[in-house]
1. Let me know the shape class of the stretch 1-158, please: from the alpha-carbon gyration tensor, a ≥ b ≥ c as square roots of the eigenvalues, rounded when a/c is under 1.5, otherwise prolate if a/b is greater than b/c, or oblate.
2. What relative contact order, as a whole-number percentage, does the stretch 1-158 give when Cα pairs under 8 Å and 6 or more residues apart are counted?
3. Is the C-alpha gyration tensor of the chain telling us rounded, prolate or oblate? Criteria: a/c under 1.5 is rounded; beyond that, a/b larger than b/c is prolate, otherwise oblate.
4. Output ³J(HN,Hα) for the stretch 42-48: one whole-Hz value per residue in order, computed from phi by the Karplus curve 6.51 cos²θ - 1.76 cosθ + 1.60 with θ = phi - 60°, and x for Gly and Pro.
5. Arranged by the count of other C-beta atoms within 10 angstrom, fewest first, what order do THR92, THR35, THR127 take?
6. If we count chymotrypsin sites (Phe, Trp or Tyr not before Pro) as exposed when they sit in a DSSP loop and have at most 16 other beta carbons within 10 Å, what is the longest stretch of the chain that avoids them all?
7. Give, rounded to the nearest 20 debye, the magnitude of the charge dipole that the stretch 209-291 has about its Cα centre when Lys and Arg contribute +1 at Cβ and Asp and Glu contribute -1 at Cβ.
8. DSSP H helices in the chain with Cα extent of 24 Å or more along the helix axis and mean Kyte-Doolittle hydropathy at least 0.5?
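Read-outs throughout are calculated quantities, based only on the coordinates presented, and are distinct from any laboratory measurement. The model shown is predicted, which means the values in this text are computed figures rather than measured ones. Neighbour counts are summed over all protein chains in view; Cβ atoms, including those assigned to glycine, are modelled from backbone coordinates with ideal geometry.
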Amino acid sequence: MEVLGRTIPDNLAALHDEVVNLRPDANLRFTRGLTEDFPSLAWHIPDASGNSEIRLSENFTDAALCHELLHVLLYRRGFPYASPLSTFGAHTLTARALNCCVSHTWLGDEVKELGVEDFWPPPSLGTDPDITPFEDRIVQAWNLAEAGETSEDVQLNDMAARFREAAEKCAQPGATRWRRAMVDVLQYLDGLEKREEGAFGPLRSIMVTLVVTEPQLTRTADRMMELTPLGGESIGFVHKQDGGLFFYRFASPGRKRREMVELQQELKKTRTEAFLDQYWVPYTVDLRVKK
């Protein structure tokens, strides 16, 4: 199999086929476009319909490609995914660190089953001169956590410890568990950042896929979600219990306040499943064993 003109190893081709077979109706495409100074050699960009783009640098490695295919695999299996409000915008690398944090411990065993252990562990996450100093520290903390190393910087060690704690909680797969772990880390990081009044931190810059249970789908939507104003004409959808952002939509110009009122009324009278489907909100149903 070739990816952008390069023949990839057979076990990576088999992983690709495994991913495709999970959702044959969804699109998986490979594109060029990552510059030499980008923090990673490969990058998974999902959309709300289950499609995925893996954007690659000219000098991508098999390990980098394998890492992205594994994240596409998890995405298609329905695990929650952290995404910045704008692709390659604020806290893009924070979202990346969260996705890796909750999944890498389990993937360390999964790669053996998939026959791609030769390409594990993945390359460490690089940084970007255009990100804020705080996001750069988040990247440093995640890399310390993944490598099992420490720093002379006490706060950086504390941040790395929170990443390690979350990774340990997510050693076994679980959609609800993974979402809660990501939101918990986001809340912790949000409290650390010093920013101007009215500015949004990590908690309102990153969406984490909504995870619901079957009973929750039958209840009115206002029991588990609420609305929050974001920048510009954006309206955020927030989980009431954990406070995490999971979706946003644009209001018509000049109608943001009015549309929030109208949406709030819909939340009160509409079942959760119908509301989510009406606004094309991606979500995962966590099926629990009945005892």
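1. Details: a/c = 1.67, a/b = 1.48, b/c = 1.12.
Prolate, since a/c reaches 1.5 and a/b exceeds b/c.
2. Working: 181 pairs, mean separation 31.0, N = 158.
After rounding, I find 20 percent.
3. Values: a/c = 1.58, a/b = 1.30, b/c = 1.21.
Since a/c reaches 1.5 and a/b is larger than b/c, the shape of the chain is classed as prolate.
4. 8, 8, 8, 10, x, 10, 6
5. Details: THR92 21, THR35 7, THR127 16.
So the residues, fewest neighbours to most, are THR35, THR127, THR92.
6. Working: sites that count: PHE88, TYR279, TRP280.
In the chain, the maximal stretch lacking such sites is 89-278.
7. Values: 14 positive and 11 negative charges, 49 e Å.
It works out to roughly 240 debye.
8. Details: long enough: 92-114 (30 Å, 0.10); 175-192 (26 Å, -0.11).
Qualifying helices: none.
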